[in-house]
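Please treat every number below as a calculation from the coordinates, not as lab data. The model shown is predicted, which means the values in this text are computed figures rather than measured ones. For neighbour counting, all protein chains shown are included, and Cβ atoms are generated from backbone atoms with ideal geometry for every residue, glycine included.
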Amino acid sequence: MQRLYRKRIVLGVGGGIAAYKSAELVRRLRDQGAEVRVVMTSGGREFITPLTLQALSGHPVHLDLLDPAAEAAMGHIELARWADLVLIAPATADLMARLAQGVANDLLTTVVLATNAPIALAPAMNQAMWADPATQANRQLLEQRGIRLFGPGSGSQACGDIGMGRMLEADELAHAAADCFDTGLLTGLHLLITAGPTQENIDPVRYITNHSSGKMGFALAEAAVEAGARVTLVSGPVFLPTPDRVQRIDVVSARDMLAACEAAMPCDLLIAAAAVADYRPEVVAPHKLKKDPTSGEGLLLQMVRNPDILATLAGREDRPFSVGFAAETENLLEYATRKLRDKNLDLIVANDVANPGIGFNSEENAVTVIDRQQRETRFSQASKGHIARQLIAFIADRYRQA
Ligand code: C5P
């Protein structure tokens, strides 16, 4: 099993002799399925060439903050948003000090400040530098802010000393990176997720659908599995691979989706991320509808309402903790709050689909979650994978409080 399948990792390489292990680390992260983009400090470049890391990661290495060509290709903010995890290996004493102070005087420290993704450091330095009270104070400060430390290990050092300060081996770091995604927050729970669009047939060759790609629902399924849940994913027609360990049920129409969800009940939590067609043609023509060659008249299609899957499941006696999505192009929070009430939900995730960089069909999202007390929690723009993990952690927390 690839524990880092499709995870996006920004690997920061600082200026220490352990940078030679970073080349191996890129290999190990990719073996686990991760996509890796490397950012090197000027010190890092003294120890290992960007070309080596470019060849191993399969992408140009990011070097400078003030390089217009590199910024045009993938700017520092884009890189910060792209990341699911920022891993710095080796993290030198100097880098730790700059990060502790919030200094942003090169590309790597700027990405760290700009990212919402989890950050992990693999310290590597001489044992006396590690033991120094300044480094220990920085370590403490960084850990208090939620930055994880992988290692350091202890043993013989490149400088001849023996003690704490060795960077962990590439294998150990790749495992520690994968552990960051396995939260265990939903262990033992059954989660039902709807995703994608539905298709409502007009005749044997035509249908009505919408622009939903299914990416958000699939990212939620993946994050829920990582959090330990048993996940049933009921999906409309999409072009996405099934996340590992997820039970996927493919459906076409809204009515199929409802039937599949009802068959998958009971569940502890329901997340309805599907963009379900509200209406379907009243009659599905048995044969392909033909144009009338004698008139230029339009075609009138009589539509009827589809069942509301989310409201139906949230209205059952054995109702799960229910989370809906509100994709709106105007009056986002007002409409979302109304849906929360009307559909008897615990939480609603409001999603502004008028903004072209987020929502339907895009790689990134930014959402606001509203609860029954109308408290709002905002998750700022990031990859759908990262937003999904944040949402799953939030939903798990609220589920436990309910
Ligand atoms: O009413 P609206 O379609 O905007 O509500 C959106 C929420 O309701 C989403 O969570 C969506 O998955 C769910 N929904 C549903 N069945 C429908 C319509 C919407 O489950 N027929």
Asp179 paired with Arg245, simple spin-label distance in nm, labels 7 Å along Cα-to-beta-carbon: 1.6
Give the separation of the Cα centroids, region 1-33 to region 361-402, in Å. 28
Longest principal axis of the chain (C-alpha) makes with the long axis of helix 215-226 (C-alpha) an angle, in degrees to the nearest 10, of 60
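Please give the length that would be gained between Ala128 and Asn210 if that part of the chain were fully extended, namely 0.36 nm times their separation in residues minus their C-alpha to C-alpha distance (nm, one decimal). Could you put the intermediate results ahead of the total?
On the way: separation 82, 0.36 × 82 = 29.52 nm, distance 6.11 nm.
Separation in residues times 0.36 nm, less the Cα-Cα distance, equals 23.4 nm.
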Using amide H atoms built in the peptide plane, which far-off residues or other-chain residues are under 5 Å from Ala326 H to H? Val349, Ala350, Asn351
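How large is the Kirkwood hydrodynamic radius of region 123-235, counting all unique pairs of alpha carbons, in Å? Intermediate values should be presented prior to the final figure.
Values: mean 1/r = 0.0546 Å⁻¹.
Value: 18.3 Å, from the Cα pair sum.
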Sorted by chain and number, the residues with a modelled amide H under 5 Å from that of Ser213, at a separation of 5 or more or across chains, are Asn361
Positive-pole candidate from Phe181, Ser253, Ala272, dipole of the chain, charges at beta carbon: Ser253
Most packed first (mean Cβ within 10 Å per residue), the peptides 151-161, 386-396, 81-91 order as 81-91, 386-396, 151-161
Per-residue HN-Hα couplings for region 111-117 [Karplus 6.51, -1.76, 1.60; θ = phi - 60°; Hz; x = Gly/Pro]: 4, 4, 5, 8, 8, 9, 6
Based on the Cβ-Cβ distance from Gln401 to Arg6, what FRET efficiency comes out when R0 is 25 Å, to the nearest 0.05? 0.20
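Can you compute the charge dipole magnitude of region 2-179 about its Cα centre, using +1 on each Lys and Arg Cβ and -1 on each Asp and Glu Cβ, nothing else charged? Give it in debye, rounded to the nearest 20.
Numbers: 16 positive and 18 negative charges, 81 e Å.
Taking the Cα centre of region 2-179 as origin, the dipole is about 380 debye.
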Work out how much length Ala158 to Asp67 would gain on full extension: take 0.36 nm times their residue separation and subtract the Cα-Cα distance, in nm to one decimal. 29.4 nm
So how strong a dipole does region 249-402 carry about its Cα centre when Lys and Arg Cβ are +1 and Asp and Glu Cβ are -1, to the nearest 20 debye? 100
Mind pulling the angle between the C-alpha long axis of helix 254-264 and the longest principal axis of the chain? Nearest 10 degrees, somewhere in 0 to 90. 60
Between 0 and 90°, nearest 10: helix 170-179 axis offset from the chain longest Cα axis: 40
On each of the three principal axes the extent of the alpha-carbon atoms of region 14-112, given in whole Å and largest first, is 33, 30, 24
Sort 362-368, 244-250, 321-327 by packing, meaning the average of other beta carbons within 10 Å per residue, with the highest value first. 321-327, 362-368, 244-250
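State the three equivalent ellipsoid semi-axes of region 190-401, derived from the C-alpha gyration tensor as the square roots of 5 times its eigenvalues, in descending order and whole Å. Can you show the working numbers first?
Numbers: eigenvalues 189, 71, 58 Å².
They are 31, 19, 17 Å, listed largest first.
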Along the charge dipole of region 2-179, pointing to its positive end and built from +1/-1 on Cβ of Lys, Arg, Asp and Glu, which listed residue (Ala104, Gln157, Met74) has its Cα farthest out? Met74
Semi-axes of the equivalent ellipsoid of region 2-179: what are they in whole Å, largest first, if each equals the square root of 5 times a C-alpha gyration tensor eigenvalue? 23, 18, 16
Expressed in nm to one decimal, what extension gain is obtained for the pair Ser380 and Arg45 from 0.36 nm per residue of sequence separation less their Cα-Cα distance? 117.3 nm
With θ taken as phi - 60° and the coefficients 6.51, -1.76 and 1.60, list the Karplus ³J(HN,Hα) couplings across region 5-11 in order, rounded to whole Hz; mark glycine and proline as x. 3, 6, 6, 9, 10, 8, 9
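Let me check I've understood the local charge: for Ala219, count other residues with C-beta under 9 angstrom from its C-beta, Lys and Arg +1, Asp and Glu -1. What total comes out? Walk me through the intermediate numbers first.
Values: positive: Lys215, Lys384, Arg389; negative: Glu222.
Its environment carries a net charge of +2.
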What's the center-to-center distance, using Cα atoms, between region 203-228 and region 286-302 in Å? 32
In the chain, with Lys and Arg counted as +1 and Asp and Glu as -1 at Cβ, which of these residues, Leu65, Gln32, Pro286, has the Cα nearest the positive end of the dipole, that is, farthest along it? Pro286
Could you rank the peptides 193-203, 122-132, 329-339 by their average count of other C-beta atoms within 10 Å per residue, with the highest value first? 193-203, 122-132, 329-339
How far apart, in nm, are the 7 Å Cα→Cβ label points at Thr294 and Thr312? 4.2
Is there a quick way to get the dipole size of the chain? I mean about its Cα centre, with the Cβ of Lys and Arg at +1 and of Asp and Glu at -1; what is the value in debye to the nearest 20? 420
Let me make sure I get this right: for region 257-361, a, b and c are the square roots of the gyration tensor eigenvalues over alpha carbons, sorted descending. Under 1.5 in a/c it's rounded, otherwise prolate if a/b > b/c, else oblate. Which is it? oblate
Quick one: Debye curve from the C-alpha atoms of the chain, no solvent, what's log10 I(q)/I(0) at q = 0.08, 0.15 Å⁻¹? -0.51, -1.27
